[in-house]
1. Name the single residue, out of those in the range 448-499 being part of a loop (DSSP other than H, G, I, E, B) and of a type in the set (Val, Ile, Thr), that is surrounded by the fewest Cβ atoms within 10 Å (Cβ to Cβ).
2. Does His365 satisfy the condition of being in contact with a strand residue (DSSP E or B) (Cβ under 6 Å, 6 or more places away or on another chain), assigned to a strand (DSSP E or B), buried (at least 17 other Cβ atoms within 10 Å of the Cβ) and of a type outside the set (Asp, Glu)?
3. Assess whether Arg565 counts as being among the basic types (Lys, Arg) and modelled with pLDDT under 90.
4. Looking at the range 213-224, can you tell me whether even one residue there is small (Gly, Ala, Ser), in contact with a Lys or Arg (Cβ under 8 Å, 6 or more places away or on another chain), in a strand (DSSP E or B) and not assigned by the TED database to the domain that holds Asp400?
5. Looking at Thr348, Thr358, Thr379, which one is assigned by the TED database to the domain that holds Leu505, surrounded by 15 or more Cβ atoms within 10 Å (Cβ to Cβ) and of a type in the set (Ser, Thr, Tyr)?
6. Between residues in the range 401-428 that are more than 30 Å from Thr489 (Cβ to Cβ) and free of Cβ contacts under 8 Å to residues at least 60 places away in the same chain and residues that are surrounded by fewer than 23 Cβ atoms within 10 Å (Cβ to Cβ) and of a type in the set (A, V, I, L, M), which pairs lie under 7 Å by C-beta distance while being six or more apart or on different chains?
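The values are calculated or read from the model by the stated rules, or taken from the named source; none is laboratory data. Note that this is a predicted model, so its numbers are computed, not measured. With ideal geometry, Cβ positions are generated from the backbone for all residues, glycine too; neighbour counts draw on all protein chains shown.
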Amino acid sequence: MLLADLKSMATGIGIAGAGSMKKAELVEAIKSAGTPKAEAPKAEAPKAEAPRAEAPRAEAPRVEPQADEPAPQTTVRTRTRKQRQAEQAEAQVEKHVEKQVEQKQDQKQPEQNQQDQGKQNDQKQGQKQGQAKNPQNQQNQPNQKQQDQRQQEQKQQDQRQQEQRQQDQLDDDEDGEGGSRRNRRRRGRDRTAVRTTGARNEPDTTILEDDVLVPAAGILDVLDNCAFVRTSGYLPGPEDVYLSLSMVRKYHLRRGDAVVGQVRQPREGERREKFNPMVRIDSINGTEAEGAKERPDFADSVPVHPHQRLRLATDEANLIGRVVDIAAPVGKGQRGLVLTPPRTGTTTLLRSIAQSVTTNNPECHVMVVLVDTRPEEVTDFQRSVKGEVVASTFDRQPADHTLVAELAIERAKRLVELGHDVVVLLDSLTRLGRAYNLAAPANGRVLGGLVDASAVHPTKEFFGAARKIEDAGSLTILATVSVGTGSATDEFFLEELAGTANLELVLSAERAAKGIVPAVDVASSGTRNEEKLLAPAEGAVVGDLRKRLAAADSPQAVAKVFGSR
């Protein structure tokens with residue numbers, strides 16, 4: 001109990017000099033003041049009734065003996081009860097001082113009521129009523145005490161809860177958090193990180209002498225509120241490493257960067273996190289970490305028409321490469337659509353193009369991006385292509401398809417910023433658009449083919465990244481688009497993307513049915529500004545071969561065209 005409360009109680013009881021007493025002295029004074037306090041009301045009762053006794057002078061001698069007779073009896077009973085209470089108070093002085101004082105005040109209340117009733121009535125009726133009510137009040141006193149104790153305990157409990165709420169609110173203000181129940185639960189966990197790093201939810205990146213550091217490397221994926229280094233590929237995995245946004249800003253990191261650094265293992269007694277934090281960055285994209293601040297930005301690059309040829313023909317037996325070189329020449333930085341009806345050899349075509357690029361142009365970095373595809377095709381590409389295969393099979397969520405495609409194209413942009421030539425083969429752009437359509441939140445705007453309006457822009461953004469940068473690297477994208485499926489969604493994406501390509505390679509279902517490989521519709525295929533890719537004397541020869549290939553309606557005829565060359 002507080003000293004101020006004890007002083008106020010002692011002053012109310014009538015103890016002189018309570019303001020200068022100490023806590024122990026106040027407790028003893030309150031305990032010892034029990035007997036005088038009980039006698040005081042009884043001594044005042046005759047004095048208050050004396051003026052009324054003077055009015056009936058004849059009855060005055062009889063009134064005084066009657067008023068004096070019950071007083072000693074009441075005083076004796078009161079003293080006996082006070083002695084028992086004093087013995088109990090000695091056993092529990094510190095815990096029940098407040099309850100004892102309240103009980104003493106409650107004991108004075110019935111006696112005061114008796115005095116007030118005696119003043120209103122005459123002396124005889126007041127004595128009779130006091131004598132009649134005295135046993136009843138003594139019986140009701142325990143119940144009244146219990147009720148008062150319960151009220152006092154409830155009041156103390158409410159006061160403690162209010163103080164706790166005020167303290168929680170004060171702590172929340174100091175931590176920069178809201179007053180929610182969740183934040184109060186997490187306050188103890190986050191306080192160490194907040195004091196160390198100055199920002200919430202960011203790990204401690206300081207390195208001590210006894211810290212255990214483990215090397216880690218992967219592709220950086222920057223999200224809205226955090227960043228992760230994907231160590232097992234382009235999809236999230238259990239071995240990913242957490243990277244604070246402060247380090248991302250410090251080194252000017254971008255999504256798709258290849259980061260190599262040191263990861264700190266949990267210290268002794270430290271709570272183990274789901275992802276260990278990277279505390280030091282050694283290299284970014286194979287160069288010094290400090291050098292990443294001076295690199296150019298892909299968005300600020302100047303795109304130009306492709307003028308450097310990517311020849312796909314490797315030898316005389318490679319008919320796919322030779323036909324594509326004639327029907328639609330490919331250059332570095334080309335943005336090409338491959339229109340593929342069902343069962344026209346799309347997988348075979350892409351695999352052959354990837355092998356040709358790695359053979360004829362080893363300086364190019366080949367990335368095969370497979371979205372919503374069959375797992376066995378992923379294995380086939382991984383074993384046959386000497387390049388990077390990024391895949392998300394059809395059994396994964398649409399959000400995983402979009403994440404893989406976005407992170408892959410961002411990785412390609414980072415390589416182009418370093419001056420590399422990158423070739424991305426995507427299968428397929430239609431399935432990627434479908435994944436964006438399923439993963440996008442419903443906004444109420446539905447276009448043709450039941451396609452959400454928010455699914456069109458990300459698909460175009462992916463395909464639009466292809467370009468030849470002036471006096472720098474290039475990003476070539478050859479993406480397949482499904483046609484002839486009877487799906488309104490596929491037709492919608494084809495219409496949206498048809499005007500964005502500068503190369504179209506059309507496959508024919510009729511030629512595929514005749515066994516012609518590749519089933520390229522030479523008359524419908526072509527490349528914009530192909531004169532920048534062909535030699536001056538090559539244009540006439542290519543035109544003649546296109547006419548002869550378009551007329552060839554069998555595999556033998558196609559072979560004869562190249563054999564007679």
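1. Thr485
2. Values: in contact with a strand residue (DSSP E or B) (Cβ under 6 Å, 6 or more places away or on another chain): yes; assigned to a strand (DSSP E or B): yes; buried (at least 17 other Cβ atoms within 10 Å of the Cβ): yes; of a type outside the set (Asp, Glu): yes.
Here the answer is yes, as His365 does meet what is asked.
3. On the way: among the basic types (Lys, Arg): yes; modelled with pLDDT under 90: yes.
Yes, satisfied.
4. Pass one, the range 213-224, residues small (Gly, Ala, Ser): 216-218.
From the residues that got through so far, the ones that are in contact with a Lys or Arg (Cβ under 8 Å, 6 or more places away or on another chain) too are 218.
So of that shortlist, the ones also in a strand (DSSP E or B) come out as 218.
Of the ones still in play, those that are also not assigned by the TED database to the domain that holds Asp400 are 218.
Checked the range 213-224: at least one residue is small (Gly, Ala, Ser), in contact with a Lys or Arg (Cβ under 8 Å, 6 or more places away or on another chain), in a strand (DSSP E or B) and not assigned by the TED database to the domain that holds Asp400.
5. On the way: Thr348 fails: surrounded by 15 or more Cβ atoms within 10 Å (Cβ to Cβ); Thr379 fails: surrounded by 15 or more Cβ atoms within 10 Å (Cβ to Cβ).
Unique residue meeting the criteria: Thr358.
6. So the pair list comes out as Gly419/Ala472.
The rows are residues; the columns are (1) over 43 Å from the mean Cα position of the chain (by Cα); (2) in contact (Cβ under 8 Å) with a residue 12 or more places away in the chain; (3) over 15 Å from Val520 (Cβ atoms).
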position	(1), (2), (3)
Pro303	no, yes, yes
His307	yes, yes, yes
Asn318	yes, yes, no
Arg322	yes, yes, no
Asp325	yes, yes, no
Leu337	no, yes, no
Gly345	yes, yes, no
Leu350	no, yes, no
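Per-residue answers, yes or no, for (1) over 29 Å from Thr393 (Cβ atoms); (2) outside the structural domain of Gly387 (by the TED database); (3) more than 21 Å from the chain's Cα centre (by Cα); (4) among the hydrophobic types (A, V, I, L, M, F, W, C):
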residue: Cys226; (1), (2), (3), (4): no, yes, no, yes
residue: Gly233; (1), (2), (3), (4): no, yes, yes, no
residue: Glu239; (1), (2), (3), (4): no, yes, no, no
residue: Val248; (1), (2), (3), (4): yes, yes, no, yes
residue: Asp257; (1), (2), (3), (4): no, yes, yes, no
